[in-house]
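K.L.:
Below is the structure I would like to discuss, written out as structure tokens.
The values are calculated or read from the model by the stated rules, or taken from the named source; none is laboratory data. Because the structure is predicted, anything quoted here is derived from the model rather than measured. So basically every Cβ, Gly included, is an ideal-geometry build from the backbone, and we count neighbours across all protein chains shown. Just the protein is used for accessible areas: all its heavy atoms, side chains included, with ligands, DNA and RNA removed. Shrake-Rupley method; radii C 1.70, N 1.55, O 1.52, S 1.80 Å.
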Amino acid sequence: MSAIRSMNTTGLLSDGRRLLTTALRLDAVVTGVNGLAYLALAGPLHDLLGLGAATGRGIGAFLLVYAAAVWAVSLPGRVRRVAVSAIVEANALWAVLSVAAVATGWLSLNLAGGVWAVLQAAVVAGFGALQYVALRKATAA
């Protein structure tokens, strides 16, 4: 119990800037890997998820650019509140649009694609929530 208390008061969770950097970089890495997968596996993903290959490639390219932007915001220096807020908002928008795409049949995903999109939305929303909390901690002091 004291180890957990110690971690919370002196570790990653207590340092808002460090938590923010970690959350942003983790988001960038996961997003980048996802983008590469969409680009490299557009054909097989069409078969697996029902996502059109051209749409998958477009999403993959967007995700790579977005990942690079998120990584750039995570670089050392002072916290750029507006940039991090934009990332938090973009993550929220992605999560909402992903669920809406499944609910409306917008991308014609099959069952596996719908499940994947909702799970992905949950992960993206989680990144956004973590980044929001970390931003508040980092700018509170």
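K.L.:
Among the residues of segment 78-89, write down those that are open to solvent by 40 Å² or more (accessible area, probe 1.4 Å) and farther than 21 Å from Asn34 by Cα.
P.N.:
Arg78, Arg80, Arg81, Val82
K.L.:
Select from segment 30-50 the residues that are open to solvent by 80 Å² or more (accessible area, probe 1.4 Å) and either closer than 15 Å to Leu107 by Cα or in contact (Cβ under 8 Å) with a residue 24 or more places away in the chain (or both) and list them in ascending order.
P.N.:
Leu36, His46, Asp47, Leu48
K.L.:
Please verify whether Leu107 is more than 24 Å from Val29 (Cα to Cα), modelled with pLDDT under 95 and not aromatic (Phe, Trp, Tyr), treating the condition exactly as stated.
P.N.:
For Leu107, the condition - more than 24 Å from Val29 (Cα to Cα), modelled with pLDDT under 95 and not aromatic (Phe, Trp, Tyr) - is met.
K.L.:
In segment 78-112, which residues are more than 18 Å from the chain's Cα centre (by Cα), of a type in the set (Gly, Ala, Ser) and not in a loop (DSSP other than H, G, I, E, B)?
P.N.:
Matches in segment 78-112: Ala103, Ala112.
K.L.:
Can Ala101 be described as open to solvent by less than 80 Å² (accessible area, probe 1.4 Å), within 19 Å of Leu45 (Cβ to Cβ), modelled with pLDDT of 95 or more and out of contact with any strand residue (DSSP E or B) (no Cβ under 7 Å at 6 or more places or on another chain)?
P.N.:
yes
K.L.:
Could you tell me which residue of segment 104-132 is most open to solvent (accessible area, probe 1.4 Å), considering only residues that are in contact (Cβ under 8 Å) with a residue 60 or more places away in the chain and more than 26 Å from Ala42 (Cα to Cα)?
P.N.:
This residue is Leu130.
K.L.:
Kindly check whether there is at least one residue in segment 81-100 that is touching a Gly at 6+ places or on another chain (Cβ under 7 Å), closer than 18 Å to Ala28 by Cα and among the polar types (S, T, N, Q).
P.N.:
Yes, segment 81-100 contains at least one residue that is touching a Gly at 6+ places or on another chain (Cβ under 7 Å), closer than 18 Å to Ala28 by Cα and among the polar types (S, T, N, Q).
K.L.:
Can I ask one more? Take the conditions under 15 Å from the mean Cα position of the chain (by Cα), in a helix (DSSP H, G or I) and closer than 25 Å to Asp15 by Cα and apply them to Ala129. Does it pass?
P.N.:
For Ala129, the condition - under 15 Å from the mean Cα position of the chain (by Cα), in a helix (DSSP H, G or I) and closer than 25 Å to Asp15 by Cα - is met.
K.L.:
Considering segment 57-77 alone, what residues qualify as being closer than 15 Å to Thr31 by Cα, over 13 Å from the mean Cα position of the chain (by Cα) and open to solvent by 100 Å² or more (accessible area, probe 1.4 Å)?
P.N.:
Once the filter is applied, which keeps residues that are closer than 15 Å to Thr31 by Cα, over 13 Å from the mean Cα position of the chain (by Cα) and open to solvent by 100 Å² or more (accessible area, probe 1.4 Å), segment 57-77 yields only Arg57.
K.L.:
A further question on this structure: With respect to Asp27, is the statement that it is surrounded by 20 or more Cβ atoms within 10 Å (Cβ to Cβ), charged (D, E, K, R) and part of a helix (DSSP H, G or I) true?
P.N.:
So Asp27 fits the description; yes.
K.L.:
Restricting attention to segment 79-102, which residues are farther than 17 Å from Val133 by Cβ and aliphatic (A, V, I, L, M)?
P.N.:
Val82, Leu93, Val96, Leu97, Val99, Ala100, Ala101, Val102
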